[in-house]
1. Mind listing just one residue for me: the one in the stretch 41-87 that is touching a residue at least 12 places away in the same chain (Cβ under 8 Å) and aliphatic (A, V, I, L, M) and, of those, nearest to L20 (Cα to Cα)?
2. Looking at the stretch 3-17, which of the residues that are surrounded by 11 or more Cβ atoms within 10 Å (Cβ to Cβ) and within 21 Å of Y72 (Cβ to Cβ) is modelled with the lowest pLDDT?
3. What tally of residues in the stretch 30-49 results from selecting those that are in contact with a helix residue (DSSP H, G or I) (Cβ under 9 Å, 6 or more places away or on another chain), among the polar types (S, T, N, Q) and modelled with pLDDT of 85 or more?
4. Can you tell me which condition L20 does not meet? The list is (1) aliphatic (A, V, I, L, M); (2) in a helix (DSSP H, G or I); (3) at pLDDT 85 or above, and all the others hold.
5. Mind listing whichever residues of the stretch 67-86 are out of contact with any Asp or Glu (no Cβ under 9 Å at 6 or more places or on another chain) and surrounded by 10 or more Cβ atoms within 10 Å (Cβ to Cβ)?
Amino acid sequence: MKKMDDDKQVVDWKEYWEKLSETGEWRKDALNTKARLSQLEKRLLTEGATSFGSALMLGVLHKRWEKMRGIYKAPPEPPNLQSSFKEWNQRAKEQT
């Protein structure tokens, strides 16, 4: 079991990994994993992003780290806002 700053023992590892993800300490953990990282990925994890493209790559690395730790949550599906012309036409007639 790991101890956190407030001396609370963390039983649930997911809670610990989520805390790492929120504080930005995930980069150090990602560097210490046994995953094969390229030189570019190592530089991004140590120095951070310097451009929009490198920020996108850093986001991909973060998502990969979350999936590896089991804390990734897929974004929810967007609601179905599609309507037919027939429905629209009926509503237009009702309003006039």
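1. Among those residues, the one meeting the criterion is I71.
2. V10
3. Selection size over the stretch 30-49: 1.
4. The failed condition is (3).
5. Listed by number, the residues that qualify are K67, M68.
Residue-by-condition table, conditions (1) modelled with pLDDT under 85; (2) more than 26 Å from L37 (Cα to Cα); (3) hydrophobic (A, V, I, L, M, F, W, C); (4) in a helix (DSSP H, G or I):
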position: L56; (1), (2), (3), (4): no, no, yes, yes
position: K67; (1), (2), (3), (4): no, no, no, yes
position: K73; (1), (2), (3), (4): yes, no, no, no
position: P76; (1), (2), (3), (4): no, yes, no, no
position: N80; (1), (2), (3), (4): yes, yes, no, no
position: K93; (1), (2), (3), (4): no, yes, no, yes
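The values are calculated or read from the model by the stated rules, or taken from the named source; none is laboratory data. Computed from a predicted model, the values in this text were never measured in an experiment. Because the Cβ atoms are built from the backbone with ideal geometry, glycine has one as well, and the counts that use them run over all protein chains shown.
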